[in-house]
Amino acid sequence: MMDTADSLVLEARRQFMAAGLPDASLDARLLVSNLLDLSSAHMISHGGDAVEAHKAEVVRSAIERRLAHEPVHRILGERWFFGLKLALSPDTLEPRPDTEILVERMLSVVSQIAAQKGACRVLDLGTGTGAICLALANADERVAGTGVDLSPGALETASRNAKENGLESRFIALHSNWFSAVDGVYDVIVSNPPYISSSVIPSLSPDVRLYDPLLALDGGDDGLDAYRIIAQGATSALEPHGVIGVEIGFDQKLEVCRIFEAQGFILREAASDLGGNDRVLVFALSR
Ligand SMILES: C[S@@+](CC[C@H](N)C(=O)[O-])C[C@H]1O[C@@H](n2cnc3c(N)ncnc32)[C@H](O)[C@@H]1O
């Protein structure tokens with residue numbers, strides 16, 4: 001029987017539902033439309049057109065990968081984040097929509113500092129794809145950022161994303177164990193560090209456990225290791241007027257506030273995600 005975009009969506013959806021995947025319809029549509037390079041409008045008007053056999057094969061092998069729990073955007077190799085198309089690699093976390101809340105909150109901080117100083121230097125600790133830093137640089141041309149990561153593969157992807165989005169002149173990828181290779185002081189620090197307790201990792205969904213790198217997830221025994229290092233290092237890496245914004249796990253607000261307050265920071269703002277969970281904390285130095 002002839003394959004069409006519509007028949008491939010149905011085939012994918014049926015298999016995803018049978019396998020108990022949570023977003024079967026959306027995943028099926030995303031995979032087919034992106035792999036066949038068809039817009040939503042084209043899917044509606046031409047969904048019944050014949051699809052060449054080799055293209056249908058590409059879709060079927062993507063269906064197999066999704067059935068093995070590989071997330072849709074990893075299969076596609078890219079995803080949108082705060083208006084930027086970002087390449088993913090096995091060394092990078094797939095940026096999450098929740099992290100856009102951190103970008104949104106920090107954008108007003110960054111713009112305020114840039115309005116006063118004419119420029120704003122941003123340090124992104126654990127940059128991964130470069131998502132947070134590149135989104136800030138893209139949204140405000142007065143931003144120049146350094147993205148730090150321990151993973152050379154992640155830094156390669158972040159540099160590629162900077163280039164693909166025309167931001168390479170305002171982005172430096174720095175190989176560093178948190179602050180170890182960081183020089184100088186910054187106006188703003190942002191970080192979405194690994195914050196999952198080591199003991200919880202085996203129980204994460206296979207989409208996350210099998211495909212996001214462990215280095216991007218594992219926050220140590222209580223999930224808070226990175227915050228301790230970041231809070232301590234930030235005291236000397238921030239300008240006196242500096243501000244730091246971090247993403248947190250839904251149950252970490254109290255502990256993360258204690259960690260930063262012990263280093264002389266005061267909580268300036270807290271924001272929740274769309275599910276009402278604590279997600280972002282913004283601190284300033286109280287000196
Ligand atoms: C949760 S991911 C966040 C990635 C990206 N910022 C985002 O929001 O999509 C945490 C990142 O921290 C990096 N990382 C883990 N340990 C690190 C360390 N000791 N020094 C620097 N980066 C580290 C990981 O490689 C990973 O890219």
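The values are calculated or read from the model by the stated rules, or taken from the named source; none is laboratory data. Note that the coordinates shown come from a computational prediction; the quantities given were computed from them, not determined experimentally. FYI the Cβ positions are ideal-geometry reconstructions off the backbone, even for glycines, and counts take in every protein chain you see. The protein model used for the area step is the full one, side chains on, heavy atoms only, and it has no ligands, DNA or RNA in it. Shrake-Rupley method; radii C 1.70, N 1.55, O 1.52, S 1.80 Å.
Extending 7 Å from the Cα toward the beta-carbon at both ALA181 and HIS54 defines two label points whose distance is 4.1 nm. Measuring r between the beta carbons of ARG258 and GLN116 and using R0 = 35 Å, the FRET efficiency lands at 0.70. Straight-line cross-link reach from LYS117 at under 18 Å between alpha-carbon atoms covers these aspartates and glutamates, not counting any fewer than eight positions away in the same chain: ASP140, GLU141, ASP187, GLU239.
Among beta bridges from DSSP that stay inside the chain, the antiparallel ones total about 45%.
The length gained on full extension between ALA87 and SER198, counted as 0.36 nm times the residue separation minus their Cα-Cα distance, comes to 37.2 nm. Sequence-ordered 3J(HN,Hα) estimates for the range 57-72 from the Karplus curve with 6.51, -1.76 and 1.60 and θ = phi - 60° stand at 5, 4, 5, 5, 6, 5, 4, 4, 5, 5, 5, 8, 6, 5, x, 3 Hz, glycine and proline given as x.
Measuring nothing but protein heavy atoms, the accessible surface of the range 1-92 at 1.4 Å probe radius is 55 percent carbon and sulfur. For the chain, the fraction of C-alpha pairs more than 26 angstrom apart is 47%. Taking the Cα centre of the chain as origin and assigning +1 to Lys and Arg Cβ atoms and -1 to Asp and Glu Cβ atoms, the resulting dipole is close to 420 debye.
Think of the range 90-285 as a dipole: +1 on every Lys or Arg Cβ, -1 on every Asp or Glu Cβ, centred on the Cα centre; then among GLY219, VAL200, GLY242, GLY242 lies furthest on the positive end.
Assuming 0.36 nm per residue, please report the length gained on full extension of the stretch HIS241 to SER272 beyond their Cα-Cα distance. Spell out each step's value before the answer.
Values: separation 31, 0.36 × 31 = 11.16 nm, distance 2.46 nm.
Net length gain for the segment: 8.7 nm.
Which whole-angstrom value gives the distance between the alpha carbon centres of the range 193-238 and the range 91-118? Each part's Cα centre sits 20 Å from the other's.
When the charge dipole of the chain is built from unit charges on Cβ atoms (+1 for Lys and Arg, -1 for Asp and Glu) and taken about the Cα centre, the candidate among ILE266, PRO97, LEU210 whose Cα reaches farthest toward its positive end is ILE266. Counting only DSSP H runs of at least 4 residues, each contributing -39500 (n - 2.57), and dividing by the residue count of the chain, the helix-based mean residue ellipticity at 222 nm comes to -13000 deg cm²/dmol. Amide H contacts of LEU238 (H built 1.01 Å from N, in plane; Pro and chain starts excluded): TYR186 sit under 5 Å, all sequence-distant by 5 or more or on other chains. For the chain, the solvent-accessible area of protein heavy atoms averages 47 Å² per residue (probe radius 1.4 Å; ligands and nucleic acids excluded).
Order of 118-130, 259-271 by packing, highest average Cβ count within 10 Å first?
On the way: 118-130: 24.6, 259-271: 16.0.
Packing order, densest peptide first, comes out as 118-130, 259-271.
What the phi angles of the range 179-185 give under the Karplus curve with 6.51, -1.76 and 1.60, with θ = phi - 60°, is a coupling list of 8, 4, 10, 7, 10, x, 10 Hz, glycine and proline written as x.
If you run the Gaussian network model on the chain, springs between alpha carbon atoms under 10 Å, then out of SER40, SER191, SER108 the most flexible one is SER40.
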